[in-house]
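Visitor: Quick one: structure below, then a few questions.
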Amino acid sequence: MEERVKDIDEKIEEQKDGKPPKPSKDPKKKWDARAVLDKFGALFGLIGLSVILTILAPSFITIDNLMNVARQASINALLSLGMLLPIITAGIDLSVGSILALSIVLGGIVTVSWGMSPVVGLIVLLLAGAVAGLINGLLLTKLRLPHPFISTLGTMNVYRGLALIVTGASPIFGFPLLINYVGQESINIVPVSFILVIIVAVLMHIFLNRTATGRYIYAIGGNKEAARLSGIPVDRVLIIVYTVSGFMAALGGLVLIGRTNSASPIAGLTYELDAIAAVIIGGASFFGGVGTVVGTLIGALIIAVLRNGLNLIGTSSDLQTVVIGIVIILAVYVDVLRRKGTKK
Amino acid sequence: MTKIKYYLLTVFLVAILTLAACAEDGDASDSSSSAGGEGKPIIAVVLKGSDQEYFKLAEAGAKQAFEDFDVNGTFQAASTQTNTTEIINILEDLLVEEPDALVAMPSTEEQTPVLQRYREKDIPVLLIDTDLDWEEKTTYIGTNNYTAGQEAAKLLSSDLSEGDEVAILEGVSGAAVSEERVSGVNDVMEEQGINIVASQAADFDRAKAVNTMENILTAHPDIQGVFAANDEMAMGAFEAVSAQNLDIPIIGVDGTSDALDSISNGGLTATVAQSPYQMGYQGVENALKAIEGEMIDKEIDIDVEILTEENAGETLDEINGILEK
């Protein structure tokens with residue numbers, strides 16, 4: 001397995017039109033500011049932000065509040081980890097907010113309205129997300145739609161509409177404990193939802209870095225045609241990418257049910273935008289081929305810390321929106337600087 | 001091969017459109033197209049959204065009135081109220097059919113120009129739920145949101161004393177409905193000498209309200225009451241508050257079915273309920289009067305109702321009856 005991965009890695013390097021590997025790997029330079037920024041830029045951002053917020057609102061740094069941040073970051077973190085995959089392939093998944101809604105209302109109908117076992121409900125919920133994602137992948141690869149922006153924009157509407165139709169636009173409430181557990185409970189003081197995020201992040205990291213499919217995902221993002229020519233089953237990999245993204249949206253939905261003790265067909269509106277923001281703030285590039293699990297997690301935490309901190313300070317909501325927008329622009333600007341640097 | 005593909009695609013599209021048309025027929029929502037309506041007045045009802053129970057109740061009220069007053073009713077709704085142009089398109093399309101009266105639930109002032117075009121054709125326009133600053137409207141039928149806020153604040157402050165701290169969860173910032181309700185609360189609280197220590201937006205969204213409420217509790221642990229500008233946010237605030245084993249009174253606005261369920265089970269304290277069903281019903285009723293040349297008031301107030309643990313259950317049964325749940 002290890003060898004196979006190495007083999008693919010070499011292949012990927014070859015595909016980059018003979019470009020040398022990233023400057024960070026250059027052994028001649030002992031310390032490269034850009035490489036450090038590359039790796040830890042988002043982390044510095046998170047730390048800096050936390051310091052500022054602690055000064056402005058001392059209650060920010062309390063354990064209780066940090067646990068709140070972890071809890072509040074969970075849903076977006078799960079969606080972002082899913083969104084990371086399409087973005088690495090230079091794609092996007094606009095339907096995750098709608099998939100979240102559709103999967104939780106289906107899970108809700110099965111457990112609450114039909115009174116079936118919560119285990120069945122859980123399976124239906126997660127399966128619904130994966131199937132919705134699978135359909136995204138099939139639309140993209142089999143219908144040869146020009147860009148996933150189109151296919152997922154379409155399904156974003158379809159899934160949202162379906163969620164509204166099956167519920168008659170009313171939220172479902174009264175879930176059994178098993179389904180509420182992840183979003184509602186804590187182990188000691190650590191929210192279960194955040195533990196789930198960490199477990200999923202570790203698995204995702206292994207998947208992206210230590211499996212053949214994971215390396216293929218980066219290869220497709222680097223150069224889709226080259227990947228195809230070197231025998232990578234591009235379509236199959238893309239289908240997996242969108243299926244995983246849909247599944248992660250459903251997982252986010254599971255947390256949301258516990259948080260709100262309900263499943264609403266209009267849940268998750270605009271969540272895709274927060275997820276995209278987290279992935280981009282975390283250092284991934286819209287041009288594909290770049291992006292890490294750790295960076296994405298930090299991106300999701302930055303957004304959660306910002307919202308939490310601005311609430312603590314009591315900033316007006318209008319100003320909050322402005323601040324979050326500015327942070328996104330700054331983060332992407334750092335990405336632009338970085339790309340400029342690599343080209344020289 | 002390509003020809004076959006095109007052929008299949010065409011068949012597919014036709015099938016979908018036919019299906020959609022059939023579904024609409026079965027829904028009986030579009031009775032305007034049905035024959036035999038000759039001579040009956042045509043009343044069009046258009047809503048700004050259809051993705052919430054609130055809109056479904058208004059729809060049910062309007063359709064009941066179509067039946068009760070034996071009018072030729074047309075019903076249409078935009079998919080979501082945040083898309084403010086969708087309802088404009090619907091209104092433009094309907095204008096071609098020249099209904100005898102229009103009952104509209106607009107979302108913003110952006111819709112005034114298209115409504116003005118109805119008035120130019122001498123079609124009465126009755127606004128429900130959301131008022132517009134527009135001279136030519138035939139009437140406005142709805143709840144006064146400022147009053148709704150005041151009522152909520154009076155109830156909330158009845159258990160509090162001077163100097164106590166309360167928090168407010170606002171809706172989408174800039175939304176008139178939210179601002180009016182919140183200003184009603186602010187005025188009453190100021191009178192009573194109660195401090196509003198936090199007033200933050202959670203966009204009418206339940207999940208956002210959980211987050212915002214947690215953060216407010218961190219910054220202000222001594223809060224003794226919460227007002228939320230709608231029930232969804234009140235439910236979210238309740239989750240945050242009860243997760244910390246606190247018992248803080250929370251009051252929302254709207255009267256949605258799960259808020260009512262929570263109130264009757266000792267969760268939320270109360271809600272200031274509006275009656276979208278009545279708005280839809282009275283909209284059609286008064287439209288008929290307007291067609292027949294009767295004078296109607298420029299503003300028809302539909303009273304808010306404060307629902308607490310004592311009477312929430314009854315109202316919930318009524319709503320479920322209307323929605324046939």
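The values are calculated or read from the model by the stated rules, or taken from the named source; none is laboratory data. It should be emphasised that the depicted structure is a prediction, and the values quoted were computed from it without experimental measurement. Positions of Cβ are backbone-derived with ideal geometry, glycine not excepted, and every protein chain shown enters the neighbour counts.
Visitor: For the stretch A:178-196, indicate whether the set of residues that are in a helix (DSSP H, G or I), within 30 Å of A:D235 (Cβ to Cβ) and without any contact (Cβ under 8 Å) to a residue 24 or more places away in the chain is non-empty.
Guide: Checking the stretch A:178-196: not a single residue is in a helix (DSSP H, G or I), within 30 Å of A:D235 (Cβ to Cβ) and without any contact (Cβ under 8 Å) to a residue 24 or more places away in the chain.
Visitor: Follow-up. Would you point out which residue out of B:A228, B:A259 is buried (at least 24 other Cβ atoms within 10 Å of the Cβ), touching a strand residue (DSSP E or B) at 6+ places or on another chain (Cβ under 6 Å) and within 19 Å of B:N195 (Cα to Cα)?
Guide: It is B:A228.
Visitor: Return the total of residues in the stretch B:76-99 being in a helix (DSSP H, G or I) and either at pLDDT 85 or above or of a type in the set (D, E) (or both).
Guide: 10
Visitor: Just wondering, is there one or more residues in the stretch A:292-305 that are at pLDDT 90 or above, among the β-branched types (V, I, T) and outside any helix (DSSP H, G or I)?
Guide: The answer is yes; a qualifying residue exists.
Visitor: Follow-up question, since we're still on this one. Would you confirm whether or not the stretch A:102-118 contains a residue that is part of a helix (DSSP H, G or I) and within 30 Å of A:G288 (Cβ to Cβ)?
Guide: yes
Visitor: Just checking, which of A:L140, A:L122, A:L100 is more than 23 Å from B:N265 (Cα to Cα) and within 14 Å of chain B (Cβ to nearest Cβ)?
Guide: Of the residues listed, the single one that is more than 23 Å from B:N265 (Cα to Cα) and within 14 Å of chain B (Cβ to nearest Cβ) is A:L100.
Visitor: With (1) at pLDDT below 95; (2) within 12 Å of chain B (Cβ to nearest Cβ) as the list, and A:S193 as the residue in question, which single condition is left unmet?
Guide: Evaluating A:S193 over (1) at pLDDT below 95; (2) within 12 Å of chain B (Cβ to nearest Cβ) leaves (1) as the failure.
Visitor: Now, a different point. Which of (1) more than 14 Å from every other protein chain (Cβ to nearest Cβ); (2) touching a residue at least 12 places away in the same chain (Cβ under 8 Å) is the odd one out, the single condition B:N311 does not satisfy?
Guide: Of everything listed in (1) more than 14 Å from every other protein chain (Cβ to nearest Cβ); (2) touching a residue at least 12 places away in the same chain (Cβ under 8 Å), B:N311 misses just condition (2).
Visitor: So which strands (runs of 3 or more DSSP E) stay within the stretch B:173-285 end to end and still have 2 or more residues that are within 9 Å of chain A (Cβ to nearest Cβ)?
Guide: The strands (runs of 3 or more DSSP E) meeting that bar are B:195-201.
Visitor: When the residues of the stretch B:241-256 are filtered to those that are modelled with pLDDT under 95 and more than 20 Å from B:E310 (Cβ to Cβ), which remaining residue is surrounded by the fewest Cβ atoms within 10 Å (Cβ to Cβ)?
Guide: B:N245
Visitor: Checking A:G154 against (1) closer than 23 Å to A:L78 by Cβ; (2) in contact with a helix residue (DSSP H, G or I) (Cβ under 8 Å, 6 or more places away or on another chain); (3) not in a loop (DSSP other than H, G, I, E, B), which single condition isn't satisfied?
Guide: Tallying (1) closer than 23 Å to A:L78 by Cβ; (2) in contact with a helix residue (DSSP H, G or I) (Cβ under 8 Å, 6 or more places away or on another chain); (3) not in a loop (DSSP other than H, G, I, E, B), A:G154 fails exactly one: (1).
Visitor: May I ask you to list the residues in the stretch B:100-143 that are of a type outside the set (V, I, T), assigned to a helix (DSSP H, G or I) and under 20 Å from the mean Cα position of the chain (by Cα)?
Guide: Result: B:E109, B:E110, B:Q111, B:L115.
Visitor: If you don't mind, another one. Quickly run through the stretch A:240-256 and pick out the residues that are β-branched (V, I, T), more than 10 Å from chain B (Cβ to nearest Cβ) and surrounded by 24 or more Cβ atoms within 10 Å (Cβ to Cβ).
Guide: Once the filter is applied, which keeps residues that are β-branched (V, I, T), more than 10 Å from chain B (Cβ to nearest Cβ) and surrounded by 24 or more Cβ atoms within 10 Å (Cβ to Cβ), the stretch A:240-256 yields A:V241, A:V244.
Visitor: Also: Here's a check for you: in the stretch B:54-69, which residue that is more than 14 Å from every other protein chain (Cβ to nearest Cβ) and among the aromatic types (F, W, Y) is nearest to B:D231 (Cα to Cα)?
Guide: Filtering first and then ranking leaves B:F66.
Visitor: For the stretch B:303-312, indicate whether the set of residues that are under 26 Å from A:A267 (Cα atoms) and surrounded by 15 or more Cβ atoms within 10 Å (Cβ to Cβ) is non-empty.
Guide: Checked the stretch B:303-312: at least one residue is under 26 Å from A:A267 (Cα atoms) and surrounded by 15 or more Cβ atoms within 10 Å (Cβ to Cβ).
Visitor: Can you tell me which residue in the stretch A:37-64 is modelled with the lowest pLDDT, limited to those that are farther than 17 Å from A:A300 by Cβ and crowded, with 19+ Cβ neighbours inside 10 Å?
Guide: It comes out as A:D38.
Visitor: Then there's this: Given the conditions (1) among the small types (G, A, S); (2) out of contact with any Asp or Glu (no Cβ under 9 Å at 6 or more places or on another chain); (3) modelled with pLDDT under 90, and given that B:G61 satisfies all but one, which numbered condition is not satisfied?
Guide: Failing condition for B:G61: (3).
Visitor: Looking at (1) at the interface with chain B (Cβ under 9 Å from one of its Cβ atoms); (2) without any contact (Cβ under 8 Å) to a residue 24 or more places away in the chain, which is the one condition that is false for A:P265?
Guide: Unmet for A:P265, out of (1) at the interface with chain B (Cβ under 9 Å from one of its Cβ atoms); (2) without any contact (Cβ under 8 Å) to a residue 24 or more places away in the chain: (2).
Visitor: Out of the residues in the stretch A:268-278 that are under 13 Å from A:I303 (Cβ atoms) and part of a helix (DSSP H, G or I), state the one that is farthest from the other protein chains (Cβ to nearest Cβ).
Guide: Step by step, filter the stretch A:268-278, then rank; the result is A:I276.
Visitor: Report yes if B:F204 is at pLDDT 95 or above, of a type outside the set (G, A, S) and surrounded by 23 or more Cβ atoms within 10 Å (Cβ to Cβ), otherwise no.
Guide: no
Visitor: I need the full set of residues from the stretch A:197-214 which are closer than 16 Å to A:A250 by Cβ and touching a residue at least 24 places away in the same chain (Cβ under 8 Å), in order please.
Guide: A:V197, A:V200, A:M204
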